[in-house]
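Reviewing the structure listed below.
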Amino acid sequence: GVLRVQEFGEPGAERRQLIHGNIMHGKQYLAPGLSTQPTSYYTPTSGIGRVIEALHPTLTPVKVGIIGLGTGTIATYGAKGDTYRFYDINPGVIAIAQRDFTFLKDSGATIELPLGDARLKLEREAPQNFDVLAVDAFSSDAIPVHLITREAVEVYRKHMKPDGVIAFHVTNRYLDLVPVVEGIAHELGLTALWIDDAGSDSLANSSSWVLLAKDPQRLADPRLADAAAPIVPRRDWRVWTDDFNNLVQVLK
């Protein structure tokens with residue numbers, strides 16, 4: 001799809017957003033007091049916002065991996081000493097995030113931007129020891145299925161700290177991916193928690209995140225558990241693998 005940057009809004013509330021095809025992939029308010037605030041699917045009440053905020057305060061630097069750069073909004077959570085490593089396959093997205101948005105530049109964290117297919121990169125890299133890995137590539141109608149299979153999650157697990165969290169961003173107007181992620185988690189012995197956030201203010205968009213952890217206590221934190229929605233398991237569905245998926249089955 002075509003990448004477009006749009007700017008609109010009334011004085012004091014001007015905002016810029018990235019559109020890929022017909023899907024919004026991040027927005028930034030331009031006013032000085034708002035430009036460093038996380039927006040859209042990544043606000044503090046979202047699944048990814050809650051799981052990163054649950055890491056603080058800490059004296060140990062945080063390492064966060066993100067599959068899918070968008071505008072780089074998640075970098076707003078980065079503090080000095082942290083590392084935020086964004087994987088993206090599209091050099092055009094990287095160029096726009098650096099040129100038209102300031103989330104990456106304004107972040108206190110060290111920003112890394114490896115270019116290429118995230119799964120292939122992760123398969124070849126030494127363990128990254130992520131505290132959080134956000135898999136943020138499923139908003140459109142043409143999702144990269146190879147990033148949401150049992151084998152893919154096994155690759156992600158290699159890069160996680162023992163108490164790390166894999167966060168799948170499954171906001172999608174066409175597909176219900178929550179049972180898919182939960183089914184993979186069940187097969188691999190992981191705990192799954194779903195945070196479906198309606199968005200509490202004008203900065204936010206509704207978002208849906210499924211969090212996976214090896215240690216159930218990691219997701220028992222009240223900042224996460226109190227916001228969780230029940231997941232209806234679909235044990236009648238085959239688990240998605242590199243050899244099998246069923247997009248028709250998950251159509252809304």
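The values are calculated or read from the model by the stated rules, or taken from the named source; none is laboratory data. This is a predicted model, so every value here is computed, not measured. So basically every Cβ, Gly included, is an ideal-geometry build from the backbone, and we count neighbours across all protein chains shown. The area values use the complete protein model at the heavy-atom level, side chains included, leaving out ligands, DNA and RNA. Shrake-Rupley method; radii C 1.70, N 1.55, O 1.52, S 1.80 Å.
Enumerate the pairs (first residue in segment 40-58 and farther than 12 Å from LEU193 by Cβ; second residue anywhere and acidic (Asp, Glu) and assigned to a helix (DSSP H, G or I)) with beta-carbon separation below 7 Å, excluding pairs fewer than 6 apart on the same chain, so at least 6 apart or on different chains.
From residues that are farther than 12 Å from LEU193 by Cβ, the pairs are PRO44/GLU53.
State which residue is least open to solvent (accessible area, probe 1.4 Å) when the search covers only segment 1-34 and only residues that are polar (S, T, N, Q) and out of contact with any helix residue (DSSP H, G or I) (no Cβ under 7 Å at 6 or more places or on another chain). So that I can check it myself, show each step before the final result.
Going residue by residue through segment 1-34, those that are polar (S, T, N, Q) are 6, 17, 22, 28.
Going one step further and asking which of them are out of contact with any helix residue (DSSP H, G or I) (no Cβ under 7 Å at 6 or more places or on another chain), we end up with 6, 17, 22.
Numbers: GLN6: 65, GLN17: 25, ASN22: 93 Å².
For segment 1-34, the residue satisfying everything is GLN17.
Need pairs with beta-carbon distance below 7 Å; first residue closer than 17 Å to LEU211 by Cβ and within segment 144-158, second basic (Lys, Arg) and buried (at least 17 other Cβ atoms within 10 Å of the Cβ); sequence gap 6+ or separate chains.
Here the result reads LEU147/ARG119; ALA152/ARG119, each pair linking segment 144-158 to a residue that is basic (Lys, Arg) and buried (at least 17 other Cβ atoms within 10 Å of the Cβ).
One line per residue, one yes/no per condition, for (1) over 27 Å from ARG124 (Cβ atoms); (2) open to solvent by 40 Å² or more (accessible area, probe 1.4 Å):
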| site | (1), (2) |
| --- | --- |
| THR149 | no, no |
| ARG173 | yes, yes |
| LEU193 | yes, no |
| ASP201 | yes, yes |
| SER207 | yes, no |
| LYS214 | no, yes |
| ALA228 | yes, yes |
| ARG234 | yes, yes |
| VAL248 | yes, yes |
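Of the residues that sit in segment 59-77 and are of a type in the set (S, T, N, Q) and open to solvent by 10 Å² or more (accessible area, probe 1.4 Å), which one is nearest to ALA118 (Cα to Cα)? It would help to see each step written out before you state the result.
As a first pass, look at segment 59-77 and keep what is of a type in the set (S, T, N, Q): 60, 71, 73, 76.
Then drop every residue that is not open to solvent by 10 Å² or more (accessible area, probe 1.4 Å), which leaves 60, 76.
Working: THR60: 26, THR76: 21 Å.
Per the stated criteria, the residue is THR76.
Filter segment 35-54 for residues that are surrounded by fewer than 19 Cβ atoms within 10 Å (Cβ to Cβ) and of a type in the set (A, V, I, L, M) and give the result.
ALA54
Among what's in segment 111-125 and is free of Cβ contacts under 8 Å to residues at least 40 places away in the same chain and closer than 17 Å to THR73 by Cβ, pick the residue that is surrounded by the most Cβ atoms within 10 Å (Cβ to Cβ).
Filtering first and then ranking leaves ILE111.
Considering only segment 1-59, state which residues are among the polar types (S, T, N, Q) and part of a strand (DSSP E or B). I'd like the intermediate steps shown before the answer.
First pass over segment 1-59, keeping only residues among the polar types (S, T, N, Q): 6, 17, 22, 28, 35-37, 39-40, 43, 45-46, 58.
Residues satisfying the conditions are GLN6, GLN17, GLN28, SER40.
Under the condition of being among the charged types (D, E, K, R) and in a loop (DSSP other than H, G, I, E, B), which residue from segment 216-226 is surrounded by the most Cβ atoms within 10 Å (Cβ to Cβ)?
Step one: list which residues in segment 216-226 are among the charged types (D, E, K, R), which gives 218, 221, 223, 226.
Filter once more, so that each one left must be in a loop (DSSP other than H, G, I, E, B): 221, 226.
Details: ASP221: 15, ASP226: 9.
Here the answer is ASP221.
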